[in-house]
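Enquirer: I'd like to ask you about the structure that follows.
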Protein chains: 2
Amino acid sequence: MELLEKTIKKISSLDQASMESAQTRLDNLTKPPGSLGYLEELAVKIAGITAETLPDVSQKAHIIMVGDHGVVKEGVSAFPQTITAAMVKNFLKGGAAVNVFANQYNVDISIADIGMVEEIKDNKLIQANIKRGTDNILKGPAMSHKEAVESIEVGIKIAEQLIAQGKNIIGTGEMGIGNTTPSSSIISVVIENSLDEIVGYGTGLDKKGLENKKAVIKKALEVNKPQKDDGVDILAKVGGLEIGGMAGVMLAGAAHRKPVMIDGLISGAAALIAYLIEPDVINFLIPSHKSVEPGHDKLYQYLNLRPMFDLNMRLGEGTGAILGMGIVESSIRIIKEMATFDTLDF
Amino acid sequence: MELLEKTIKKISSLDQASMESAQTRLDNLTKPPGSLGYLEELAVKIAGITAETLPDVSQKAHIIMVGDHGVVKEGVSAFPQTITAAMVKNFLKGGAAVNVFANQYNVDISIADIGMVEEIKDNKLIQANIKRGTDNILKGPAMSHKEAVESIEVGIKIAEQLIAQGKNIIGTGEMGIGNTTPSSSIISVVIENSLDEIVGYGTGLDKKGLENKKAVIKKALEVNKPQKDDGVDILAKVGGLEIGGMAGVMLAGAAHRKPVMIDGLISGAAALIAYLIEPDVINFLIPSHKSVEPGHDKLYQYLNLRPMFDLNMRLGEGTGAILGMGIVESSIRIIKEMATFDTLDF
């Protein structure tokens, strides 16, 4: 709990002076003022996050948190739990979608076992297992309050290590068969829309599967009664270890003034947990894509965040976060590399 | 006219066999089927365009067509006409937004004077001037029918040269103070929505300026009476030389089975001209962003094209097209570089 509290205390607000000087520079570049739209807003926000007019976001890291879910016993996923470990091996070999995008955008990937059922002995995998999969949320809490805090602190530690190595922007991604169920549960607790508006097909349920998933979530919320303003309580009762880990990465990024990318539904649920723990974290988070999952859009509305693009993606791993880092890079290259009007020859 | 006719004759349909084999491969990659959404559709489309299951889009070219507009005398732009040449010099020095994005995405830029008022002697500028600015469309046609055809053929020639050099994807962009007016005129002729739904603020008109711009377009359409199903007639009467040039690039790309990126409103108007000349061209065009200009959205609806992202941009130059090439590259990297399910270890 000490590391979490220390981290929260370090989180402050966006740096207004840097944002103003960034805006002034943007208005002097060789383009009509404001004509790069959201890219300009993004450059100003990153200036506020980093407290630098011309920030460096060239050292890109991406963290994939991996955890399993006891609730898969209830048939909430179209894929078997063994896929979690199989995909981790795929990440380690470089064969997954997230690896492909990371190569394109020059992003270093870290993969952490924070809650997998299977143990994978590979020195490229960060060994940070807290629990070999959460417990079935239909029967009781996913994990203890202590384990929930620990998952967040693992995320903080991993992020701080990357920041110490010079990384200046961090993506969040995950792997964990079944994890749209805890994510939708978290969002439902906080946003209180009907489950029909929040719960989606995940990686490929059919209609019957979707109805079962909603029924499972409804019952899990009744059984566990998570407190809607207590992020750690919600995480412990209906969350997941990888979700806690990502929330920790977000809190650490904010504490160290580094932008952290939100990916899809699960990463979004982590942002919600981080927000409940410390609302100011939100200023340091950059939404990337809007996922197919309906709860993701509701979440963005709730947090008043605007996704960059909607490509109908629903893969996870942080694939959207990495594509979004390309857009962040574009916005910062604009403010750093474009000519100013006084150099124009006319 | 001969080159244009020869080019049109070469345009055929998407290659179904390549699209099917691309789809089969996508479904075997280590991800839930369809979970990369639009990126998968894009990979299939590019397979159809190139007639290759695993196409190469690594050799990226971008063409900026430059032309001036007699109609600027009517106060339709917030910037003076001298900015056209000043920005061309900026492109040549590498200081514009389009240069910054081209560096990020490793795209070669070609800049062509197809209709500038000012002559710039620089051997990095393609000298293809047809006319030193269009005539004022409030008084009569922008150019002759012969000049309109010539502008399209200049575009074809430049694109064919790049393709001969090995370029396998081409972006379209432009510079020309005042060119949202001819573009909106073209779109109004074809789509026949009210001008209120089509005409926008361009690079920064105020409300009064917008009303004047609409009045100018209304009168220009009355004076010139362009024929709504004749692309060359519309181009000659209310278009622009850079618009014709971009339409030529699109037709050449289609003829040689290379994807061509649509940028914003002006590039979109060029796509409409190309479509009227040969409807099958549309299969070979890839829309990138959705611009702030209202006519752009209407155009996409009319052509049944789906933009990749909406970042509230309205700069032109092809800035959106180049960001879009990054997404195209992502889609092709996915189909070429990801592992297949049979290699998974579980």
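The values are calculated or read from the model by the stated rules, or taken from the named source; none is laboratory data. None of the values given here were measured: they were computed from a predicted structure. As a convention, Cβ positions derive from the backbone with ideal geometry for all residues, glycine included, and neighbour counts pool all protein chains shown. The accessibility values were calculated without ligands, DNA or RNA, using every heavy atom of the protein model including side chains. Shrake-Rupley method; radii C 1.70, N 1.55, O 1.52, S 1.80 Å.
Enquirer: How many nm separate the modelled label positions at A:ASP280 and B:ALA78, each set 7 Å beyond the Cα in the direction of the Cβ?
Expert: 3.6 nm
Enquirer: Could you do me a favour and compute the accessible area per residue for the stretch B:5-75, 1.4 Å probe, result in Å²?
Expert: With the other protein chains kept in place, the stretch B:5-75 gives 37 Å² per residue.
Enquirer: What nm distances, shortest first, do you get from the label point of B:GLY94 to those in the other copies when the point sits 7 angstrom along Cα to Cβ?
Expert: B:GLY94 label point versus its equivalents elsewhere: 2.9 nm.
Enquirer: Per-residue HN-Hα couplings for the stretch B:2-9, Karplus 6.51 cos²θ - 1.76 cosθ + 1.60 at θ = phi - 60°, whole Hz, x for Gly and Pro?
Expert: So the J values, rounded to whole Hz, are 5, 5, 4, 5, 4, 5, 4, 4.
Enquirer: Taking Cα atoms, how many degrees apart are the long axis of helix A:241-255 and the longest axis of chain A, rounded to 10 and kept between 0 and 90?
Expert: 20 degrees
Enquirer: So, one more: Output ³J(HN,Hα) for the stretch B:64-76: one whole-Hz value per residue in order, computed from phi by the Karplus curve 6.51 cos²θ - 1.76 cosθ + 1.60 with θ = phi - 60°, and x for Gly and Pro.
Expert: Calculated HN-Hα couplings, in order: 9, 8, 10, x, 10, 9, x, 5, 4, 4, 8, x, 8 Hz.
Enquirer: Another one. For the pair B:GLU5 and A:MET1, how long in nm is the line joining their label points, each one 7 Å along Cα→Cβ?
Expert: Spacing of the two 7 Å Cα→Cβ label points: 8.6 nm.
Enquirer: P(r) of the stretch B:96-221 in 5 Å steps, Cα pairs, percent per bin?
Expert: Using 5 Å bins, I get a P(r) of 2, 8, 16, 17, 19, 16, 13, 7, 2, 0 for the stretch B:96-221.
Enquirer: Hey, for B:LYS219 with labels 7 Å out along Cα-Cβ, what do the inter-copy distances come to in nm, ordered shortest first?
Expert: 7.4
Enquirer: At 1.4 Å probe radius, can you tell me the per residue accessible area of the stretch B:189-346 in Å²?
Expert: 31 Å²
Enquirer: Divide, for the stretch A:52-121, the radius of gyration over alpha carbons by 2.2 N^0.38 Å, where N is the residue count. All intermediate terms of the calculation are to be shown ahead of the outcome.
Expert: Numbers: Rg = 15.4 Å, N = 70, 2.2 N^0.38 = 11.1 Å.
For the stretch A:52-121, the normalised Cα radius of gyration comes out at 1.39.
Enquirer: With contacts defined as alpha carbon pairs under 8 Å and 6 or more residues apart, what's the relative contact order of chain A in percent?
Expert: Contact order relative to length: 25 percent.
Enquirer: By how many degrees, between 0 and 90 and to the nearest 10, does the Cα long axis of helix A:207-224 differ from the longest principal axis of chain A?
Expert: Taking the Cα atoms of chain A, the angle to A:207-224 is about 80 degrees.
Enquirer: So if we plug the beta-carbon distance of B:LYS208 and A:GLU211 into 1/(1 + (r/R0)^6) with R0 = 35 Å, what FRET efficiency do we get, rounded to 0.05? All intermediate terms of the calculation are to be shown ahead of the outcome.
Expert: Working: r = 56 Å, r/R0 = 1.61.
My answer for the efficiency is 0.05.
Enquirer: Which values, in whole Å and largest first, are the semi-axes of the equivalent ellipsoid of the stretch B:60-326 obtained as the square root of 5 times each eigenvalue of the Cα gyration tensor?
Expert: 24, 20, 18
Enquirer: How high is the FRET efficiency from B:ASP108 to A:ASN106, r the C-beta distance, R0 25 Å, rounded to 0.05? Can you show the working numbers first?
Expert: Values: r = 20 Å, r/R0 = 0.80.
Efficiency, from the Cβ-Cβ distance: 0.80.
Enquirer: Can you list, shortest first and in nm, the gaps between the label point of A:GLU5 and those of its counterparts in the other copies, using a point 7 Å from Cα in the C-beta direction?
Expert: Taking the point 7 Å beyond Cα along Cα→Cβ, the inter-copy spacings are 8.6 nm.
Enquirer: Would you please give the FRET efficiency between A:LYS225 and A:HIS145, computed as 1/(1 + (r/R0)^6) with r the Cβ-Cβ distance and R0 = 22 Å, to the nearest 0.05?
Expert: 0.95
Enquirer: Another one. Could you compute Rg(Cα) / (2.2 N^0.38 Å) for the protein assembly as shown, with N its residue count?
Expert: Numbers: Rg = 26.3 Å, N = 692, 2.2 N^0.38 = 26.4 Å.
Computed over Cα atoms of the protein assembly as shown, the ratio equals 1.00.
Enquirer: Using only protein heavy atoms and a 1.4 Å probe, how much accessible area in total is buried between B and A, to the nearest 100 Å²?
Expert: Working: alone 13900 and 13850 Å², together 23450 Å².
Approximately 4300 Å² gets buried when B meets A.
Enquirer: Separate question: Give the relative contact order (percent, whole number) for the stretch B:177-241; include only Cα pairs under 8 Å separated by 6+ residues. Intermediate results must be reported in sequence, preceding the final value.
Expert: Details: 54 pairs, mean separation 26.6, N = 65.
The value is 41 percent.
Enquirer: Applying the Karplus parametrisation 6.51 cos²θ - 1.76 cosθ + 1.60 with θ = phi - 60° to the phi angles of the stretch B:108-125, what ³J(HN,Hα) value in whole Hz is obtained for each residue in order, glycine and proline being reported as x?
Expert: Along the stretch B:108-125, the couplings run 7, 9, 10, 10, 10, 7, 9, x, 6, 5, 8, 9, 10, 8, 7, 6, 7, 9 Hz.
Enquirer: Using a 7 Å offset from Cα along Cα-Cβ at B:SER58, what residues in the stretch B:318-346 end up with backbone N under 15 Å from the label point?
Expert: B:329-338, by backbone N distance to the label point.
Enquirer: With respect to the symmetry axis carrying chain A onto chain B, which residue of chain A exhibits the smallest Cβ distance to that axis, and what is the value in whole Å?
Expert: In residue-and-Å form, the answer is A:PHE309, 2.
Enquirer: Compare each residue of the stretch A:305-326 in its chain alone against the assembly with all protein chains, and report those whose accessible area goes down by 20 Å² or more; 1.4 Å probe, heavy atoms.
Expert: SASA drop of 20 Å² or more in the stretch A:305-326: A:ARG306, A:MET308, A:PHE309, A:ASP310, A:LEU311, A:ASN312, A:MET313, A:ARG314, A:LEU315, A:LEU323.
Enquirer: In the stretch B:1-45, what residues drop by 50 Å² or more of accessible area when the other protein chains are put back, versus the chain on its own? Use 1.4 Å, and skip ligands and nucleic acids.
Expert: B:PRO32, B:SER35, B:LEU36
Enquirer: Anyone know which of A:THR134, A:THR24, A:THR172 comes out most mobile in the 10 Å Cα GNM of chain A?
Expert: Comparing A:THR134, A:THR24, A:THR172 in a Gaussian network model of chain A, the most mobile one is A:THR24.
Enquirer: Report, to the nearest whole %, how much of the accessible area of the stretch B:60-326 belongs to carbon and sulfur atoms, 1.4 Å probe, protein only.
Expert: 47 percent
Enquirer: For A:SER110, what residues show an amide H to amide H distance below 5 Å, using hydrogens built from the backbone and excluding near sequence neighbours?
Expert: A:HIS62, A:ILE63, A:ILE64
Enquirer: Quick one: angle between helix B:319-337 and the longest Cα principal axis of chain B, in degrees between 0 and 90, rounded to 10, please.
Expert: 10 degrees
Enquirer: Then there is this: For B:GLN301 paired with B:ILE120, estimate the spin-label separation in nm (one decimal), with each label point 7 Å from Cα along the Cα-to-Cβ line.
Expert: Output for this residue pair reads 3.7 nm.
Enquirer: Is it possible to state the helix-based mean residue ellipticity at 222 nm for chain B, with each DSSP H run of 4+ residues giving -39500 (n - 2.57), the sum divided by total residues, to the nearest 500 deg cm²/dmol? What is it?
Expert: Numbers: 14 runs with 175 residues, N = 346.
Calculated at 222 nm, the ellipticity per residue is -16000 deg cm²/dmol.
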